[in-house]
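Report on one structure; see the data block that follows.
Taken together, the values in this text are just the output of simple stated rules run on the coordinates, not laboratory data. Just so we're clear, the structure is a prediction, and the values are computed from it rather than from any experiment.
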Amino acid sequence: MHSQWRLLIGLHLIMILIYNSIMIVCVCKNINSKKILEELGAGLTLEEIKMQFGMGSQCGNCLETAKKLVEKTKGEPIKNIAFG
């Protein structure tokens, strides 16, 4: 089951990056991929975005997708981010 979620997350990220589409990343707080990318472009870190918009503060299912989005955008893994 876990690997199926990883595959699904990867497929969504490919759609975002290749087709420049917008995807809801955090359903609880209605945060989409465009908003995350805008905030990253403005210089915020994922941790700052998380704190500012409350992303991950309810169910937490968005955090892995958000992390992968940042990794794909920046081209390097995110290290030492607390997702709790």
For the stretch 53-68, take each phi angle, set θ = phi - 60°, evaluate the Karplus expression 6.51 cos²θ - 1.76 cosθ + 1.60, and give the result in whole Hz per residue in order, putting x for glycine and proline.
-> 10, x, 4, x, 7, 10, 8, x, 5, 7, 5, 5, 5, 4, 4, 5
With the stretch 25-78 reduced to its Cα atoms and the Debye formula applied, log10 I(q)/I(0) at q = 0.17, 0.21 1/Å amounts to -0.44, -0.68
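Please compute the length gained on full extension between M51 and K74, using 0.36 nm multiplied by the number of residues separating them and subtracting their Cα-Cα distance.
Working: separation 23, 0.36 × 23 = 8.28 nm, distance 2.00 nm.
Stretched out fully, the M51 to K74 stretch lengthens by 6.3 nm.
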